[in-house]
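A.B. asks: Dumping the structure here so I can ask a few things about it.
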Amino acid sequence: MEPQVAEYFAGLVALAQATFEHVEYTVDATPARAILRLQASYSSHQIFITELFSEGTRQYRYYVLQGDWVEAGFDNSPDPRAIRLKYGRIGKKHAGENVPHLHRADKTELSLTDEMTCPAFVEWLKANLHSKQTSD
């Protein structure tokens with residue numbers, strides 16, 4: 001694993017430990033790729049974070065669940081629904097393209113987003129889950 005990626009992962013773990021409870025994580029690295037998998041608790045929610053670096057590409061998944069219900073899931077996977085939403089159709093040019101998007105309402109709603117980072121995800125959680133909990 002490249003030193004920059006190891007340092008980046010260490011920063012994400014430190015952020016998670018400062019923000020969440022019951023933080024557990026693993027790092028799986030080979031010369032070709034490095035993956036951080038992290039899970040934690042935030043209030044009554046479960047948090048799942050995955051970061052993958054491979055061949056100069058960064059893939060991520062930031063999910064918050066309430067039980068089995070997906071409250072929100074940010075990722076940049078090559079999701080066919082996100083590709084169609086962005087381009088109108090998939091086609092050879094965009095097949096397999098990573099597209100930043102957000103899943104809501106147990107993955108029944110999808111919207112395009114800007115690229116997400118772990119610190120931005122934490123800020124989103126603080127702004128959106130806190131305001132939801134105080135309105136209940």
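A.B. asks: Could you tell me how far the Cα centroid of the stretch 53-94 sits from the Cα centroid of the stretch 1-50, in Å?
C.D. replies: 19
A.B. asks: Another question, if that's okay. Ignoring ligands, DNA and RNA, what accessible area per residue does the chain give at 1.4 Å, in Å²?
C.D. replies: 58
A.B. asks: Could you work out [θ]222 nm for the chain from helices alone, using -39500 (n - 2.57) per DSSP H run of at least four and dividing by all its residues? Round to the nearest 500 deg cm²/dmol.
C.D. replies: Details: 4 runs with 47 residues, N = 136.
Result for the chain, helices only: -10500 deg cm²/dmol.
A.B. asks: Mean projection of the alpha-carbon convex hull of the stretch 1-115 over all orientations, in nm²?
C.D. replies: Working: hull surface 31.5 nm².
If I average the Cα hull's projected area over directions, I get 7.9 nm².
A.B. asks: Short version: ³J(HN,Hα) in whole Hz for each residue of the stretch 65-73, in order, from phi by Karplus 6.51 cos²θ - 1.76 cosθ + 1.60 (θ = phi - 60°), x for Gly and Pro, what are they?
C.D. replies: Per-residue couplings from phi come out as 10, 10, x, 8, 8, 7, 5, 7, x Hz.
A.B. asks: Find me the longest stretch of the chain that has none of the exposed trypsin sites (Lys or Arg not before Pro), where exposed means in a DSSP loop (not H, G, I, E or B) with at most 16 other Cβ atoms within 10 Å. Write down the numbers at each step before the final one.
C.D. replies: Working: sites that count: R89, K107.
Looking at the chain, 1-88 is the longest stretch - no exposed trypsin sites (Lys or Arg not before Pro) with at most 16 other Cβ atoms within 10 Å.
A.B. asks: Multiply the residue separation of R84 and A105 by 0.36 nm, subtract the distance between their alpha-carbon atoms, and state the gained length in nm to one decimal. All intermediate terms of the calculation are to be shown ahead of the outcome.
C.D. replies: Values: separation 21, 0.36 × 21 = 7.56 nm, distance 1.95 nm.
So the extension gain works out to 5.6 nm.
A.B. asks: Could you please state how large a percent of the accessible area of the stretch 56-111 is carbon and sulfur, counting protein chains only and using a 1.4 Å probe? Please list the in-between numbers first.
C.D. replies: On the way: 1530 of 3060 Å².
Carbon and sulfur atoms account for 50 percent of the accessible area of the stretch 56-111.
A.B. asks: If I model a spin label as a point 7 Å beyond the Cα along the Cα-Cβ vector, how far apart are those points for D114 and E97 in nm?
C.D. replies: Inter-label distance under the simple model: 2.0 nm.
A.B. asks: Quick one: 3J(HN,Hα) in Hz for the stretch 107-114, Karplus 6.51/-1.76/1.60 with θ = phi - 60°, rounded, Gly and Pro as x.
C.D. replies: 6, 8, 10, 9, 9, 6, 9, 6
A.B. asks: Give me a comma-separated list of calculated 3J(HN,Hα) values for the stretch 3-9, in order, Karplus coefficients 6.51, -1.76, 1.60 applied at θ = phi - 60°, integers in Hz, x for any Gly or Pro.
C.D. replies: With the stated coefficients, the stretch 3-9 comes to x, 5, 5, 4, 5, 4, 4 Hz.
The values are calculated or read from the model by the stated rules, or taken from the named source; none is laboratory data. Everything quoted here is computed from the prediction, not taken from an experiment. Using ideal geometry, Cβ is built from the backbone for each residue, glycine included, and neighbour counts are taken over all protein chains shown. Only protein heavy atoms, including side chains, enter the accessible area calculation; ligands, DNA and RNA are left aside. Shrake-Rupley method; radii C 1.70, N 1.55, O 1.52, S 1.80 Å.
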